[in-house]
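Every number here is computed from the coordinates shown, using simple stated rules; none is lab data. Since this is a predicted model, take the numbers as computed values, not measurements. Because the Cβ atoms are built from the backbone with ideal geometry, glycine has one as well, and the counts that use them run over all protein chains shown.
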Amino acid sequence: MEHSSSLSYEDSAGDTHKQTVTSLPPEVVQCLDNARFLHLGTCTNNQPHVSLMNYTYLPSSPYSTEPTIIMTSNPSSKKANNLVENPNVGIPPPPTQGRRPSGGSPGPEHRSSLASLLQDMNASALSSTSATMAGVATLIPPGSDEERYYREQHLENNTFDTEAAGGAPVFNREAEQSRSREDGGSVFLAGEEVRVIVVKIRDVRTSDWKGVVRDYVLAPASGAAAHGTGVNGVA
């Protein structure tokens, strides 16, 4: 019996269907919008390290026309030290079980049947497509306007009081500023000692359930002005 497969191992080992784009593919944005955590892969001296991180995704900002991911870290953490030595990072597909609470969508008990159907369809599409991203991480200079901007965006996106009436997430800055651990996916979000990490996404690879692989290279929009700082805060 003749056997056929839609997956081309030769093609998927290199750059396939490569496209230069100025924004992330919609399926990748959907993954980032619907996940709460992602894994950040760093490496120094051929020793890889992976951390589970809260994050904030911004398609652009006053400091960058490129898609960016914001995270925060203790400056003495292994990943922060790795980034000083090697700013290149990899981001595997983010876990997508459960919608990100900061998306502002109502809980299942408050959604209409149509909204629930659309949610299930989106979840099905997400489970059939994976996306791996690569980029360059910057430790933003502490005390700068850029750091304050990114820190505020990250706080607003990840600080919630789940004990509010009806279980709806409510922003609670005081509760978040009292947090000071970085385990099990919890991260430093506030405090002078906390460093803000911004990852500018450079490359994306997607693969669907049929094994079709596509590669994307992110390029700044034509004529866009350069903003922000260079690698690890060096202009």
Residues (over 11 Å from the mean Cα position of the chain (by Cα), free of Cβ contacts under 8 Å to residues at least 60 places away in the same chain and assigned to a loop (DSSP other than H, G, I, E, B)) located in the range 44-71: Asn45, Asn46, Ser60
In the range 72-90, the residues that are part of a strand (DSSP E or B), out of contact with any Ser or Thr (no Cβ under 6 Å at 6 or more places or on another chain) and among the β-branched types (Val, Ile, Thr): Thr72
